[in-house]
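Read the structure below first, then the notes.
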Amino acid sequence: MNLDPYEWMENLDNPKLLEWIEVEDRKFREYVHSLSQRLRERIRRYYFVKNLISVRISEKGYYALFQDRDVFKLKLLDREGEWIDVIDSRELGEHVILKDFYPDPTGRYLAYNYSFKGADVGFTHFIDVETGELLDKLEGIVGSIIWLDKEAYYYVRFFSKSKSPDGVDPPTTRMFLRRQQEEEMVFGEGLPQAHFILAKPSTDYKNILIAVSLGWSKSDTFVGPLKDPSRWRKIFGGDFITFPIDAVDNSYLIAAFDSGGYGRIILASVNGEVKELVREWRYPLKEAALVGDKLLIHYLVDASSILRVFDLKGKMLDEIKFDGAGTVSITDFNSSEAVLKYTSFLTPYRFYKFSGRGLEVIESKDFKLEITVEERWAESFDGTRIHMFIVKRKNCKADKVLLYGYGGFNVSITPHYLSYLIPFIEDCGTYVIANIRGGGEYGEKWHRDGMREKKENVFMDFIAAAKYLKNMGAKVVAMGSSNGGLLVGAVLTKEPELLDGAVIGYPVLDMLKFHKLYIGKSWVPEYGDPDNPKDAEFLIKYSPYHNVKPAKYPPTLVYTGLHDDRVHPAHAFKFVAKLKEVNAPVYLRVEKASGHSGATPKIKLNELSDILAFIYKVLGLSMA
């Protein structure tokens, strides 16, 4: 007996599937076409703005990756304050996304990653910025590039489909030294599946700093002389998260989440001595940088960023707050400065520099709109308080709500630039973020209380947020993508009459099969192992694909992309097919030129316009 009647949908080359996709996709696009066309130009105004993605420091200046209208651009802000174009995604071909970049310390040599149509698998080019010479080229999923000289560098490769050189089945990672296009594996031999390697040099460029993680709740720190892999050793770790910050004299600054799970800063020596520098606070530590003799630490306070500055004796020197709710990220630092990106609901970006005293704005982009950002608390089934951001235009009722959640992998959902939702807010729609368990908003315990057999907490927290809004008299459409798609799918099948609509993007939905599709084995530490009968018992209880039943479902949109090589599109197809069996009002949108890593701005604009048009229709929202 075939227990999975839609297993055939896992073959993306099946003509029957492609025909089914074409029919379903056309139905949805015809349904939203007129409204989507009208919304597109309004969205374009906010989505096609210049937006900073990341910044890195070099002697030449700051390398910065932007989305600039409908292209991706890598630019250099030199030490004289002049912006210089380095890479334009259009030069690399159609449907190209620039993803990451790694300058050498001088800034003369640069590596950059790109992929086509949103795939994770892509290409990495190594160039001489001054001459334009292509020095080397790699294919695959590559990161943590550390330049040694013009012809030599370390890099980490993610094996998503093939075995590692030492014979371990994918997914897994290994670190290589590549010199004059010849390479050898220097770190990671024997690491099992689902282990990830992240590496960087110390700011003095004498030491290597490596974090080896199993899933998203356990990691070890390895260190050693940069140019001698034979001496790289584990210095700290355990059944908790830890990540290295920098080297100080003969010791190493490390962030450790080993106590209450909120994070502290320790100084660890190679002989095993550990000294606490900055003790754990009641709010979670997210990242830290060493700038000269100052420690710059980023914390989350009720899902909004603040910065604290400490000396190397652990004394707090300063606290830096931002106007209203916002999110900061430390994108790079060296011995004299750190660079940061800030974003908020109406702020695409502010590019800051920190040199030891306060923040200096290098460049910024903001929009003006009369909005209110309220913070409310819902109570979950077990008394846990669930924080929410409620964002709306002034003088509008909060009665037509888009509720967003994620709830997993220690990911914190914080204030972010709304881009395509600004027209929604202009037209009196209300956007709500629910900071549910499974994320990192309130420390590692908050994360672990939404993992494995405790995943039910995540869904109940989101249901509590939805009920809070419904009790205010609101219509509620729930939205989530990836693991957030699992969230909305689970809530939809658990309480189908609670929601007024559901929007499920690039989702994980078959919880008995996820580990056999693409890189799903990586998620076993987070979700559990379907091949283990005890784990399968709690997985099947909430697996959206296995819990579709005859019921009164709200209008539902499931969307995905054929180039998603992280979460197999079959999750979406199979779930839609099951919902159609019970005559649920479900639509499917399939983008042929996007993946889990996104899409080019033009493709993304079309996708976002269609999604927003669906939300307008479900909520009965009128355009201004």
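Of all residues in the range 370-406, exactly one satisfies the criterion of being touching a Ser or Thr at 6+ places or on another chain (Cβ under 6 Å) and open to solvent by 50 Å² or more (accessible area, probe 1.4 Å), namely LYS394. Does the range 407-426 hold any residues that are open to solvent by less than 10 Å² (accessible area, probe 1.4 Å) and assigned to a loop (DSSP other than H, G, I, E, B), and which are they? If the condition is that a residue be open to solvent by less than 10 Å² (accessible area, probe 1.4 Å) and assigned to a loop (DSSP other than H, G, I, E, B), then GLY407, GLY408, PRO415, LEU418 are the ones that fit. For the range 237-265, a residue qualifies if it is at pLDDT below 95 and in contact with a Pro (Cβ under 9 Å, 6 or more places away or on another chain), and exactly one does: GLY261. Any residue that is of a type in the set (Asp, Glu) and free of Cβ contacts under 8 Å to residues at least 60 places away in the same chain - is there at least one of those in the range 112-127? No, that holds for no residue. Of all residues in the range 156-181, those satisfying the criterion of being on the phi < 0 side of the Ramachandran plot and free of Cβ contacts under 8 Å to residues at least 24 places away in the same chain are ARG157, PHE159, LYS161, SER162, LYS163, PRO165, THR172, ARG174, PHE176. One residue stands out among those in the range 510-545 that are of a type in the set (A, V, I, L, M, F, W, C), in a helix (DSSP H, G or I) and out of contact with any Pro (no Cβ under 9 Å at 6 or more places or on another chain): the one that is farthest from GLU456 (Cα to Cα), which is TRP523.
This table checks each residue for (1) of a type in the set (Gly, Ala, Ser); (2) not in a helix (DSSP H, G or I).
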{"site": "ILE433", "(1), (2)": "no, yes"}
{"site": "GLY440", "(1), (2)": "yes, yes"}
{"site": "ASN457", "(1), (2)": "no, no"}
{"site": "MET460", "(1), (2)": "no, no"}
{"site": "ALA466", "(1), (2)": "yes, no"}
{"site": "LYS470", "(1), (2)": "no, no"}
{"site": "GLY473", "(1), (2)": "yes, yes"}
{"site": "LEU487", "(1), (2)": "no, no"}
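Each residue in the range 274-288 was checked for being within 23 Å of the chain's Cα centre (by Cα) and within 23 Å of LYS234 (Cβ to Cβ), and 3 of them qualify. For the range 296-315, the set of residues classified as assigned to a strand (DSSP E or B), open to solvent by 30 Å² or more (accessible area, probe 1.4 Å), within 29 Å of PHE389 (Cα to Cα) and touching a strand residue (DSSP E or B) at 6+ places or on another chain (Cβ under 8 Å) consists of ARG308 only. Note on the range 317-362: residues that are more than 24 Å from the chain's Cα centre (by Cα) and assigned to a strand (DSSP E or B) amount to 9. When each of ASP85, ASP104 is tested for being buried (at least 20 other Cβ atoms within 10 Å of the Cβ) and of a type in the set (Asp, Glu), the lone residue that passes is ASP104. Selection of the range 614-624 for residues being buried (at least 22 other Cβ atoms within 10 Å of the Cβ) and over 11 Å from LEU557 (Cα atoms) yields TYR616, LEU619.
Only a single item in (1) in contact with a strand residue (DSSP E or B) (Cβ under 7 Å, 6 or more places away or on another chain); (2) acidic (Asp, Glu); (3) open to solvent by 60 Å² or more (accessible area, probe 1.4 Å) is not met by ASP128, and it is number (3).
The strands (runs of 3 or more DSSP E) located wholly in the range 220-286 that include 1 or more residues which are of a type in the set (Asp, Glu) and free of Cβ contacts under 8 Å to residues at least 40 places away in the same chain occupy 274-278.
The residues on offer are GLY450, GLY443, and the sole one that is free of Cβ contacts under 8 Å to residues at least 60 places away in the same chain and within 27 Å of PHE243 (Cβ to Cβ) is GLY450. Residue selection: ASP220 satisfies the criterion of being in contact with a Lys or Arg (Cβ under 6 Å, 6 or more places away or on another chain) and either of a type outside the set (Ser, Thr, Tyr) or surrounded by fewer than 19 Cβ atoms within 10 Å (Cβ to Cβ) (or both). Filter the range 173-185 for residues that are over 17 Å from TYR102 (Cβ atoms) and either open to solvent by 30 Å² or more (accessible area, probe 1.4 Å) or at pLDDT below 95 (or both) and give the result. Correct list: GLN180, GLN181, GLU182, GLU184, MET185. Restricting attention to the range 528-544, does a residue exist that is open to solvent by 20 Å² or more (accessible area, probe 1.4 Å), within 16 Å of GLU10 (Cα to Cα) and in contact (Cβ under 8 Å) with a residue 12 or more places away in the chain? No, because not a single residue in the range 528-544 is open to solvent by 20 Å² or more (accessible area, probe 1.4 Å), within 16 Å of GLU10 (Cα to Cα) and in contact (Cβ under 8 Å) with a residue 12 or more places away in the chain. ASP332 fulfils the conditions (1) farther than 20 Å from ASP78 by Cα; (2) buried (at least 18 other Cβ atoms within 10 Å of the Cβ); (3) of a type in the set (Asp, Glu) except for a single criterion, (1). Within the range 561-576, the set of residues being part of a loop (DSSP other than H, G, I, E, B) and closer than 13 Å to ALA599 by Cβ comprises LEU562, HIS563, ASP564.
For the residues TYR112, TYR154, the requirement of being more than 24 Å from ASP85 (Cβ to Cβ), crowded, with 17+ Cβ neighbours inside 10 Å and out of contact with any Lys or Arg (no Cβ under 7 Å at 6 or more places or on another chain) singles out TYR154.
The values are calculated or read from the model by the stated rules, or taken from the named source; none is laboratory data. It should be emphasised that the depicted structure is a prediction, and the values quoted were computed from it without experimental measurement. Cβ atoms come from the backbone with ideal geometry, glycine included; neighbour counts cover every protein chain shown. Quick note on the areas: whole protein, heavy atoms, side chains included, nothing else; ligands and nucleic acids left out. Shrake-Rupley method; radii C 1.70, N 1.55, O 1.52, S 1.80 Å.
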